[in-house]
Amino acid sequence: MEFIAQNLADYAEKHTSPEPALLAELNRDTYANVLTPRMLSGHIQGRVLSMFSKMIKPKAILEIGTYTGYAALCMAEGLTTDGVLHTIDIDEELETRINKFVSQSPFAHQVKLHIGNALDIIPTLNESFDLVFIDADKENYAAYYDLLIDRLPGGAVLIADNVLWSGKVLDADQLPTDNDTKALDSFNKKIQADSRVENVLMPIRDGLMVIRKK
C-alpha cells in the first residue's frame, strides 16, 4: 500500500535510481510465479534499504523473512568486502528460487540462507549485527526485537517493515480479533517507549520503523 497518490508514487519512482537488472528480473519472476507478490520490497523500498546499508557499511546483516530474496540483495550492496548477510525464511519451497537469484549476484559468497523458524535460528548466530531487517510474521515482531536488541552494538540499525499495515494500526482497538494488527500496534508502541533506542516511523510503502540503538 502507498500512502501518497499514485501519480506522486509514480513520479517518485521515476526520480529514484533504477533497480539493478538482476533485481528487475527477480521482481518480474516473483510477480509471475509466486503467491502474494506484493510482499516483495520492490523498487523504491529496495533502493531505500540499499541506501541505508551503503551509509551504515555493515559487516554483518540479519534479515528475518527472506521471501524471494529481493531485500537481501538490496542490503548486500552495502556490505563490507568481508561482510556477511544472514537471511532466514520458514518457507522451504522458496529456497530454490532464492538460491537461483543469489547465485547470480555479486554477493553470492556473502549471503547465508537459513530455512527454518527464526526464533530458533537467531540464538545460534554468533554475529554482532550492524543492520537488521524484520519482514516476517507480524505476531513475532516483538519477540524478534527482544531476542536481538541486547546483542546489537550501539549505533546498530533495525528496520521493521509493514508497521502501518495498510492503515489498520489506526483502528487496532476496534479490531480485537485481528492479531496481526494488534501485534504491529503493540510493537510500534513498544519501540516508542524503549529508552535504549531512537526511532522514526517512515510512511514508505506499508511503513518502515527505523530504529537506532543508542
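The values are calculated or read from the model by the stated rules, or taken from the named source; none is laboratory data. Nothing here was measured: the structure is a model prediction, and the numbers come from that model. Note that each Cβ is placed from the backbone with ideal geometry, even for glycine, and that neighbours are counted across all protein chains shown.
Name the one entry in Leu208, Leu125 that is at pLDDT 95 or above and within 18 Å of Phe52 (Cβ to Cβ).
Working: Leu125 fails: within 18 Å of Phe52 (Cβ to Cβ).
Sole residue among the options that is at pLDDT 95 or above and within 18 Å of Phe52 (Cβ to Cβ): Leu208.
When the residues of region 166-214 are narrowed to those that are part of a helix (DSSP H, G or I) and among the acidic types (Asp, Glu), which ends up surrounded by the fewest Cβ atoms within 10 Å (Cβ to Cβ)? Before you say what the answer is, go through the steps one by one.
Of the residues in region 166-214, the ones part of a helix (DSSP H, G or I) are 166-174, 179-193.
So of that shortlist, the ones also among the acidic types (Asp, Glu) come out as 171, 173, 180, 185.
Values: Asp171: 12, Asp173: 9, Asp180: 16, Asp185: 20.
Only one residue fits best here, namely Asp173.
Residues in region 126-152 that are within 16 Å of Ser186 (Cβ to Cβ) and of a type in the set (Asp, Glu): Asp137, Glu139, Asp146. Test Val102 against the stated conditions and say whether it is touching a helix residue (DSSP H, G or I) at 6+ places or on another chain (Cβ under 9 Å), among the β-branched types (Val, Ile, Thr), modelled with pLDDT of 95 or more and surrounded by 14 or more Cβ atoms within 10 Å (Cβ to Cβ). For Val102, the condition - touching a helix residue (DSSP H, G or I) at 6+ places or on another chain (Cβ under 9 Å), among the β-branched types (Val, Ile, Thr), modelled with pLDDT of 95 or more and surrounded by 14 or more Cβ atoms within 10 Å (Cβ to Cβ) - is met.
What about Lys182, is it free of Cβ contacts under 8 Å to residues at least 40 places away in the same chain, over 19 Å from Leu62 (Cα atoms) and of a type in the set (D, E, K, R)? Outline the logic, then answer.
Values: free of Cβ contacts under 8 Å to residues at least 40 places away in the same chain: yes; over 19 Å from Leu62 (Cα atoms): yes; of a type in the set (D, E, K, R): yes.
Considered against the rule, which asks whether it is free of Cβ contacts under 8 Å to residues at least 40 places away in the same chain, over 19 Å from Leu62 (Cα atoms) and of a type in the set (D, E, K, R), Lys182 comes out as yes.
Scanning region 62-81 for residues that are in contact with a Lys or Arg (Cβ under 7 Å, 6 or more places away or on another chain) and surrounded by fewer than 19 Cβ atoms within 10 Å (Cβ to Cβ) gives Glu77, Thr80.
A search for C-beta distances below 9 Å between a residue of region 62-86 that is of a type in the set (Phe, Trp, Tyr) and any residue that is part of a strand (DSSP E or B), counting only pairs 6+ apart in sequence or on different chains, returns Tyr67/Asp89.
Among the residues making up region 151-165, those that are over 18 Å from His86 (Cα atoms) and surrounded by fewer than 20 Cβ atoms within 10 Å (Cβ to Cβ) are Gly154, Gly155.
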